[in-house]
Structures are given as structure tokens and as C-alpha cells.
Amino acid sequence: MGKKRHQADALKKIERTVGILKRIGKTYPHDLEEHPGADDLIEAHMTAAGRFVEPIANGVTAKGLREGVHASLLFLDQLLDQMPATIAFADIGTASVACHRGCHHCCHIRVTTKGPVVLALAFYLRKKLSSEQIAQLVSRLRGHVSDGLAMTPLEQVLKGRVCPLNVDGVCIGYEYRPYACRTHHSFDVSRCQAARQGDEADVRVPQDPNRHALQALVSRPVNECTRLLGLNTDELEFIPALLIALTDEGAAEKYIAGEPVFAPAHRPDVLEAQQGEIRRLGLIPIPQSIKPIQPGA
């Protein structure tokens, strides 16, 4: 009863938080009212929180959690569809998004995500794939995890390895792929190829920063709502977490109950190696956490 009461209180707190954001016209991590199109950005932030919370308004369940995640992911797709496909770069000039079906250079990049996203994807895969296909996927996941254990944290960040969800150049979990997979894109395939080969670790793939900003705009309120519900918000290594979710049929219930079901997939050493590489390249990292907004503030 204690857990359910806490989650009910958290849902009320989320409603109050969304109300406060609407009233003061601001949101974290940026003061959006200072940005062009502030009203649209604030509305998108509120909508992202609302889409995720609505299916669990009467209590957190595995079904409600995955429906909330799916609604959030689809909302991000809607926002990305509104972005221009052609933009001007200082170094390569005007270019268009080069991504297309069958192009899967980005499927060799390490991905991190959160528990609810992994659980939603695992449920989708169980529904979509045959038992034989699931067994083959689990085998690929285990191989990927085993290979990673033989690497240093920095090698896990830098060495591209194909995602086990990639089958013949196509993602078999595409509809439920994580936020990072949805927003990674390129305006120059040749640079993707160079980066994938691994000989040029410092290759910069031209991307639209506004698309990545949309990822943060949608995923951060979802992460904050998850935290308020008392659920774990650790940044997880995607492949190890998916292996856990697919091989433990009770993973969703354990996660909701507060059990550390995804603890083996949380690798602070790899995350630190990633941050060190970001600093070395002089890139500006996107914060991984959200500053809580206190009701009544």
C-alpha cells in the first residue's frame, strides 16, 4: 500500500508541477520564454509530460507505463517531422538530411536510455517476433554484452558495434526505438562512413542541433515524471538493459516495485568515459538530470 500511496501522491505532484509551469510560463533546463517561439516550446514541454502521465493517471502499471512511453516517443516523431530537412552549415554549405531506409551507420553507435523505454521496447518485441526470433535476438544481445565486458570503458564509448536489433540493415524495434535513436541523424553520409570505420575518432557528423534539442524537450519531462513516481531514472546501457528486460518476464513489475532490476546495465564508469571524451572534443554535453520544480515555488 505504501508504494501505491506514494505513486498516487506523485501523480498529484506531477499535475501540480505541470500547472506551475503553465502559470509561470517557464520550464527547466532553459528559460524558454527567452527563446524564439517560446510559447510553442513551453507547450511542447507540457504536452510531452501530459502524454506520458495520462495512461498512468489512475496508478502505475506495466501497461500504462509502456503506453505512456509510446505516446511520448510518437510525440517526439511529430515534432521531428516539422523540422526542416535542408539547412545551411558553415563548413559544408547547404545540405539535406541524408538518412534513409537501409542506411544504418548510426546503428553502430553506443546508446543509453531509461528503464521505462527499455520495458516498452521489450514488450513490443515479444508481441512482434516469433519465439525463434526472440531466441536469436537474445543470443545476439548476449554476444554484444560479452564483447563489451572485454573492453575498457573508453573502448565501449569509441568502438562502434552493430546493434543486435539491426537485421539486414533494418531495426526490428523501430517503432519503439529510444529517444536517442530517433533524433540521431546526418547531413553527410560520407562522414558517417568515416566515423564508423573508427580510424577517425574525431570525425564530426553534421547534424541539426535543434533536433537534439527536441529530444531533450520531450525526454526530460518524462524523466522527471518518472523520478517523481519513485521509479529509477539511472542512465542505462541500452543493450545490457534490453537483455535484462527480454530475459526476465517479471522485469516490469520488479521495476515498478522499486527493485534494482536494471542495476547491471547502469555503468557509471562508461558514462564518465563518455563525458571525458565530450570534454576532450570540446563539445557541450546535454545535462542528464533535471532540476526538480517544487510545487508552490
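No value in this document is a laboratory result; all are computed from the given coordinates. On a predicted model such as this, the values are computed, not experimentally measured, just so you know. Here Cβ is always computed from backbone atoms with ideal geometry, including for glycine, and neighbour counts include all displayed protein chains.
Tabulated values for the structure
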| read-out | value |
| --- | --- |
| Most to least packed among 254-260, 144-150, 223-229, 41-47 [average Cβ atoms within 10 Å] | 223-229, 41-47, 254-260, 144-150 |
| Highest-first arrangement of 91-101, 173-183, where packing means the average Cβ count within 10 Å | 173-183, 91-101 |
| Stokes-Einstein D in µm²/s, Kirkwood radius over Cα pairs - the stretch 2-281 at 37 °C with 0.692 mPa s viscosity | 164 |
| Long-range HN-HN contacts of Phe89 with modeled amide H, under 5 Å | Thr94, Ala95 |
| In sequence order, calculated HN-Hα J values of the stretch 67-81 (Karplus, 6.51, -1.76, 1.60; Hz; x Gly/Pro) | 5, x, 4, 4, 4, 5, 4, 5, 5, 4, 4, 4, 5, 5, 5 |
| The stretch 211-244 and the stretch 55-70: distance between their alpha carbon centers, rounded to Å | 15 |
| Projected label distance in nm at Gln133 and Thr61, using a 7 Å step from Cα toward the beta-carbon | 2.7 |
| Count of lysine pairs in the stretch 2-281 with Cα separation under 17 Å (8 or more residues apart, or interchain) | 14 |
| Sites Ser96 and Asp168 - FRET efficiency at Förster radius 30 Å, r taken between beta-carbons, to 0.05 | 0.75 |
| From phi via Karplus (6.51, -1.76, 1.60), per-residue ³J(HN,Hα) for the stretch 49-62 in Hz, x at Gly/Pro | 5, x, 4, 6, 6, 3, x, 10, 4, 9, x, 7, 10, 4 |
